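Participant: Sharing a structure here in structure tokens format.
The values are calculated or read from the model by the stated rules, or taken from the named source; none is laboratory data. Just so we're clear, the structure is a prediction, and the values are computed from it rather than from any experiment. All Cβ positions, glycine included, derive from the backbone under ideal geometry; neighbour counts span all protein chains shown. All accessible areas refer to the heavy atoms of the entire protein, side chains included, with ligands and DNA or RNA removed. Shrake-Rupley method; radii C 1.70, N 1.55, O 1.52, S 1.80 Å.
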Amino acid sequence: MEEDTKPLLIPVGGDESNYGIMNIQFNPEDFKCKRPFHVEPTNIVSVNDDMQRVTDEASAMNKRIHYYSRLTSPTDRALIAPDHVLPAPDEIYVYSPLGTAFRVDSCTDGYGKNSSIVTIFVIWNTMMGTSILSIPWGIKQAGFTSGIILILLMGLLTLYCCYRVVKSRKMIPLIDTSNWEFPDVCKYYFGSFGQWTSLLFSMVSLVGAMVVYWVLMSNFLFNTGKFIYNYVHDINVTDIVPGTNGSNKVICPSAAGDHPPQNGSMVFSSGNSTGFELFEEWWNKSQTVPFYLIAILLPLLNLKSPSFFAKFNVLGTVSVIYLILLVTVKAAHLGIHLEYNWFTEDEFFVPEFRILFPQLTGVLTLAFFIHNCVITLLQNNKNQENNVRDLSIAYLLVGLTYLYVGVIIFASFPSPPLSKECIEQNFLDNFPSNDIMSFIARIFLLFQMMTVYPLLGYLARVQLLRQLFGNAYPSVFHVLILNIAIVGAGVLMARFYPNIGGIIRYSGATCGLAFVFVYPSLIYVISLHRAGQLTWPVLIIHIFIIVLGLANLIAQFLL
């Protein structure tokens, strides 16, 4: 009789594995490490090197395993897929939120083989994005002293909220959450509202990043093309903007006046002036160049497999290292130009404390944003007990990088003769197009962004279309409409609002409201309340964090 009470399907013994995505390894002789074959479509997508994303057989098997896994509760292991139905290891690829595809090689105790140093570097590399170009401008908006303080405070606050995200899965009792991502946790606590709002704010962060990329790519392509044209035709062009003299020239585009020429330059040497004027007409930063990018990037967005571009992920690291080198060299030549005016503003310097400081907090919210994929990154840490330490070290390094670039650019900006108000939202715009080091930086960043852009578009497609249609590529028509909308948003912004600092702070404060401030705090409070461990100090502190996030968003539209 006892035999009749047992389930028909009994899982093979052994603990389930918890998979990371960066360096998982398979031992072909140990089949236990290959269970379970469960891939959340909104977070991980199997990819192949060719246009066919995955074999039809593996795709069908994945759907069957998904179906079986939904027949019982997560705590019931009766329908876990047996070893013999899993695809071969060489068929398994995963796609990470970093925009990188990785082959699954082997596993050890369910975790990846990344050391703490590698994990720290991966988190640092992931957070280092386009926000670094706007940090000097943000410090100028907040004031030098308050800017430094805000970078430190926002780093600590976002680190704590990120820590709460990492711990959120473990506070769910009686359910195996080893394969959950943060949107799954939101769905558990808030139902379909949490699922759809997490999707919405995730799309805001992705599309916001893509819009910033389009504006920057238009900027970099314009300046690169201008440099090459002038060099090939031996044209000496001087920007009609205030600037310093000498070999290390710094310019102030925002002070060019209300009626500068379209591209802000004049020809001072003999040559074909008619040809140059024609070039200026057809090579315009806001009116033509943003449209030229459509011919290059729109076809790439429609590819089923963006895995080729993932191979260039290392360019992000190279670009950041080169920017640090550029900042160091420029500062060595320009020197330090600081004067402390605590609350008063003069012709060349800004006060140490300014009412515009929320503009920096908006930028920093996105600059420190990694909350939607931090669980995935830390799952691959070899020593899981070091996750909190490694995350803290990574945030420290990110904060120091932002501080170094922001402080050095602000301090070395030549005031006088130029005012600190001249610091641009993209600090590379403060160097003329014929500056060699800036030209190299723009080349690096342009190529890097053109390879990352299709990956961001693919991730946006996977998250949105899979939720709406159950398929990441329902048809060419669906994908084309989505990509046209995303590209159109980028073109419109590059044409009418090419202010990356503004775009970054708006999108950062919006997506940060949910992923950084509200959801981590609410989930922690609810979990403590259900466990009967909630205290008034904890409740007040986390309500205050939520209020800060809401105030951060509202302030972006008031200042």
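Participant: How do GLU385, GLU281 stack up against each other in accessible area, from largest to smallest, with a 1.4 angstrom probe?
Facilitator: Working: GLU385 140, GLU281 115 Å².
If we order GLU385, GLU281 from most to least accessible, we get GLU385, GLU281.
Participant: Still on this model: Would you kindly work out the equivalent ellipsoid of the range 432-500 from its C-alpha gyration tensor and give its semi-axes, the square roots of five times the eigenvalues, largest first in whole Å?
Facilitator: Taking √(5λ) for each eigenvalue gives 32, 15, 8 Å, largest first.
Participant: Still on this structure: Averaging the inverse of every distinct alpha carbon separation and then flipping it gives the Kirkwood radius. What is it for the range 402-538, in angstrom units?
Facilitator: Averaging 1/r across every pair of different Cα atoms and inverting gives 19.6 Å.
Participant: While we're on this one: Using the Kirkwood radius over Cα pairs, work out the Stokes-Einstein diffusion coefficient for the range 277-348 at 10 °C and 1.306 mPa s, in µm²/s as a whole number.
Facilitator: So the translational diffusion coefficient is about 90 µm²/s.
Participant: Related question: Please compute the modelled spin-label separation between ASN248 and PHE447, points set 7 Å along Cα→Cβ, answer in nm with one decimal.
Facilitator: Distance between label points: 2.7 nm.
Participant: Name the residue from TYR473, PHE431, ALA494 whose Cα lies farthest towards the positive end of the charge dipole of the range 410-499, charges +1 on Cβ of Lys and Arg and -1 on Cβ of Asp and Glu.
Facilitator: TYR473
Participant: For the pair PHE121 and VAL538, what calculated FRET efficiency results from E = 1/(1 + (r/R0)^6), where r is the Cβ-Cβ distance and R0 = 45 Å, to the nearest 0.05?
Facilitator: It comes to 0.85.
Participant: Note the full-extension length gain between ILE481 and ASN341 as 0.36 nm times their separation in residues minus their Cα-Cα distance, in nm to one decimal. Mind dumping the intermediate values first?
Facilitator: Numbers: separation 140, 0.36 × 140 = 50.40 nm, distance 5.23 nm.
Contour length minus the Cα-Cα distance gives 45.2 nm.
Participant: I would also like to ask the following. What is the distance in Å between the Cα centres of the range 444-466 and the range 292-351?
Facilitator: Centre-to-centre (Cα) distance: 18 Å.
Participant: Over all Cα pairs of the range 463-556, how is the pair count split among 5 Å bins, expressed in % and running from 0 up to the last occupied bin?
Facilitator: Here the calculated profile for the range 463-556 is 2, 12, 13, 12, 12, 14, 13, 9, 6, 5, 1.
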